[in-house]
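The next block holds one structure in the form of structure tokens; read it before the comments.
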Amino acid sequence: MKRAAAAAKINLALVVGPLREDGKHELVTVYQRVALSDRIAVERSAELRVTGFAGDTLVRRALELVVDGNGTRFAARIQKRIPVAAGLGGGSSDAATALWLANELRDEPHTREKLESFACALGADVPYFLADGPQLGTGDGTHLSPLELPQDYWVLLVVPRNAEKSSTGAVYSGFDARNGAHGYDERRAALLQELERVRRPRDLAALPPNDLASSPLAAELQSLGAFRADVTGAGPVVYGLFLHGDRARAAQRQMSTHGRTWLTTPAWYR
């Protein structure tokens, strides 16, 4: 049996463009892993099985892709801590983690390139969770380039109480309906330009806001001392970045009236 943490992510920026011929959207995003994790355990099994989280679909699909050549299958157990359907990539991280754990148990492990192709087939965020460190995602989000970004700050995550998240597809449909792609080239260029200037944590404040979703809680986090606050992914989680732990803890106490909160830090490794 092999076990590993499956970390969550935030999108430090998400600039979305027009619909592509493959039905996905062109985008550019900044992926940052954080130290809030599910736990995944994988072992060889006579039958493919996933336990611990009834809502799983992606881990099962990942295990189906790496069935061993001799027919040996895999069983996975998921211990959930990352909020579901929150914009934190928990399902994608679980799938990527199960994918490489099962691959390690194969008699003949697949190459890194093959694993990455499996990850792309599973979903746009999944390939990121096979990589270490912050990454720039382009294309549909699966084309990754490493970024050197500061990691010395605190991250406060807030899941708004009674938030009713639309499906990711519905969020993108709303984006299309309001002609959200207009000005994409300019926003993309601005993001890339600001990334070149990032040296200190506070420099992340200049990155453009999320194109897909916004929240009034971001302004409240900034009033409590966050140097950057925004929605991650398609939401509804809102994050605030803080330089000092005492300010972050005080903000967490204040924000707990709005929903569930987690105080965490950036994480480099999967």
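The values are calculated or read from the model by the stated rules, or taken from the named source; none is laboratory data. Since the structure is predicted, the reported quantities are computational estimates derived from the model, not experimental observations. Here the Cβ is made from the backbone with ideal geometry for all residues, glycine too, and neighbour counts use every protein chain on show.
Conditions (1) surrounded by 15 or more Cβ atoms within 10 Å (Cβ to Cβ); (2) farther than 19 Å from residue 264 by Cβ, marked per residue:
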{"position": "70", "(1), (2)": "no, yes"}
{"position": "88", "(1), (2)": "yes, no"}
{"position": "106", "(1), (2)": "yes, yes"}
{"position": "113", "(1), (2)": "no, yes"}
If residue 205 satisfies all but one of (1) in contact with a strand residue (DSSP E or B) (Cβ under 7 Å, 6 or more places away or on another chain); (2) touching a residue at least 60 places away in the same chain (Cβ under 8 Å); (3) surrounded by fewer than 21 Cβ atoms within 10 Å (Cβ to Cβ), what's the number of the condition it fails? (2)
By residue number, the members of the stretch 255-270 that are hydroxyl-bearing (Ser, Thr, Tyr), closer than 24 Å to residue 101 by Cβ and surrounded by fewer than 14 Cβ atoms within 10 Å (Cβ to Cβ) are 269
Being hydrophobic (A, V, I, L, M, F, W, C), outside any loop (DSSP other than H, G, I, E, B) and out of contact with any Gly (no Cβ under 7 Å at 6 or more places or on another chain) is the filter here; which residues of the stretch 59-94 pass it? 59, 62, 63, 65, 74, 75, 76
Check residue 102 against each of (1) under 24 Å from residue 235 (Cα atoms); (2) touching a residue at least 60 places away in the same chain (Cβ under 8 Å); (3) crowded, with 22+ Cβ neighbours inside 10 Å and name the one condition it does not meet. (1)
Would the stretch 140-151 turn up any residue that is buried (at least 22 other Cβ atoms within 10 Å of the Cβ) and at pLDDT 95 or above? yes
Search result, residues across the stretch 114-145 that are part of a helix (DSSP H, G or I) and among the aliphatic types (A, V, I, L, M): 115, 119, 121, 122, 126, 130
